[in-house]
Amino acid sequence: FTNIESYGISNPLSWSPMVVGACGITWFVIRQLRARVKGKQPLLGISVLKNRYFTIGTACACLTFFAFSSIMVVIPLYIQSDRGFSATMSGLVLFPGAFGMAISQYFGGRMLDRFGVRPVAMAGSLILLFGTVMMSLIDKDTWIWWISIWQFTRQIG
């Protein structure tokens with residue numbers, strides 16, 4: 001979104017990469033569908049998206065990944081550029097999140113065996129949502145370690 005900030009949304013330098021990306025995805029999908037018709041093995045079996053539950057699950061996983069990883073790009077930039085901390089401090093602020101992920105990986109498998117996929121996925125999504133909402137409330141006066149706490153919470157989710 002740097003191009004939008006620099007040139008504005010009406011400038012072709014801002015929106016043309018999105019159009020090219022959308023055209024590329026469309027071309028890929030059409031090519032994969034035609035490969036099956038011609039009797040060739042497609043690179044990606046898009047027919048699995050006919051299953052409603054699989055499609056919804058894939059969409060939820062994509063949105064969760066986007067919410068999860070987008071902050072991992074923005075927060076270090078915020079800590080270093082806006083708050084004036086070093087790259088080392090930025091890494092230290094985000095480091096407790098690695099422990100959160102280790103904890104969730106260890107206990108998550110056990111919880112899946114005990115409770116099943118749906119309750120564990122819902123709980124994880126709600127924890128991730130809570131941490132993400134709290135991260136969205138961060139401003140220039142927020143205590144720096146709140147960022148670490150909310151990132152830890154997000155990583156557990």
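Coordinate-derived values only; no laboratory data. Every value quoted in this text rests on a predicted model; they were computed, and no experiment measured them. Virtual Cβ from ideal backbone geometry, glycine too; neighbours counted across all protein chains shown.
Rounded, prolate or oblate: pick one for the chain, where a ≥ b ≥ c are the square roots of the eigenvalues of its C-alpha gyration tensor, a/c under 1.5 means rounded, and failing that, prolate if a/b is larger than b/c, else oblate.
oblate
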What angle do you read, to the nearest 10 degrees and between 0 and 90, between the alpha-carbon axis of helix 117-136 and the longest principal axis of the chain? 50 degrees
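Using 0.36 nm per residue, how much length does the chain from M101 to C62 gain when fully extended, once their Cα-Cα distance is taken away? Can you show the working numbers first?
Numbers: separation 39, 0.36 × 39 = 14.04 nm, distance 1.83 nm.
Once the chain is fully extended between M101 and C62, it gains 12.2 nm.
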Positive end of the dipole of region 56-157, charges at C-beta (+1 Lys, Arg; -1 Asp, Glu), about the Cα centre: which of M134, L112, T88 has its Cα farthest in that direction? L112
Under unit Cβ charges (Lys, Arg +1; Asp, Glu -1), what dipole magnitude, rounded to 20 debye, does region 63-157 have relative to its Cα centre? 260 debye
To the nearest 10 degrees, the tilt of helix 96-115 (Cα long axis) against the first principal axis of the alpha carbons of the chain is 60 degrees
Between helix 144-156 and the chain: long-axis angle, C-alpha atoms, 0 to 90°, nearest 10: 40 degrees
Projected label distance in nm at L13 and R114, using a 7 Å step from Cα toward the beta-carbon: 5.6 nm
Shape of region 5-69, Cα gyration tensor, a/c cut at 1.5: oblate
The chain, helix-only ellipticity at 222 nm - DSSP H runs n ≥ 4, -39,500 (n - 2.57), divided by all residues, nearest 500: -25500 deg cm²/dmol
For region 53-157, what relative contact order do you get, as a whole percent, if you take Cα pairs closer than 8 Å and at least 6 residues apart? 36 percent
